[in-house]
């Protein structure tokens, strides 16, 4: 089986700031969420966990799997999407003309990165590489694989696994610390 979960909350989540690759840690609520998720999903078997190199994902994985003998492997392909100069921007929706909003309102039209960020094609390429080279082969071997990541990065994986069109990129509604079974 293939499972995916988003990291616990951070202070930037609460302020509606674009985090991207900015390495923001979990806040106390996020740590509590990860511990509770660990209890809630204790009976779900995971043979291996792959996670983003960012601290909020790594800490979530460690708290979620606390007391379990599950290896946690960091893979750089699971890092969050890069939002370039828009990282740290608070509530981009309050500025409707902001070019980054195309990613959120019309993801199928987000074909060129803005402000030094990453395109959806680049995001899909690296997460697709992870799926094809790591996750799918393990699942085919009967392994239960957990991915701990981020909103946009996780959405790219969900869309690829479930063949969701890009216009519906955000439709999975990936909440913090909610486990999703993909395959």
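Derivation of every value follows stated rules applied to the coordinates shown; laboratory data play no part. Computed from a prediction, not measured in an experiment: that's the story for all the values here. With ideal geometry, Cβ positions are generated from the backbone for all residues, glycine too; neighbour counts draw on all protein chains shown.
Multiplying the sequence separation of residue 119 and residue 163 by 0.36 nm and subtracting their Cα-Cα distance, what value in nm do you get?
Length gained between residue 119 and residue 163: 14.0 nm.
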(message) Sequence gap at least 6, Cα distance under 8 Å: using those rules, report the relative contact order of segment 15-169 to the nearest whole percent.
(response) 29
(request) Report the paramagnetic label zone for residue 90: residues of segment 1-22 whose backbone N is under 12 Å from a point 7 Å from Cα along the Cα-to-Cβ axis. (result) 12-18
(request) Could you calculate the FRET efficiency of residue 28 with residue 132 from 1/(1 + (r/R0)^6), where r is the beta carbon distance between them and R0 is 30 Å, rounded to 0.05? (result) 0.20
(message) To check you understand DSSP bridge types, tell me what percent of the beta bridges within the chain (both residues inside) are antiparallel, rounded to 5.
(response) 25
(request) Assuming R0 = 30 Å, can you tell me the calculated FRET efficiency for the pair residue 36 and residue 112, based on Cβ-Cβ distance, to the nearest 0.05? (result) 0.15
(message) If you take Kirkwood radius over Cα pairs in Å from the coordinates, which of [x] 17.4; [y] 16.5; [z] 23.3 do you get?
(response) [y]
(message) Using Cα springs under 10 Å in a Gaussian network model of the chain, which residue among 119, 60, 95 shows the largest mean-square fluctuation?
(response) 95
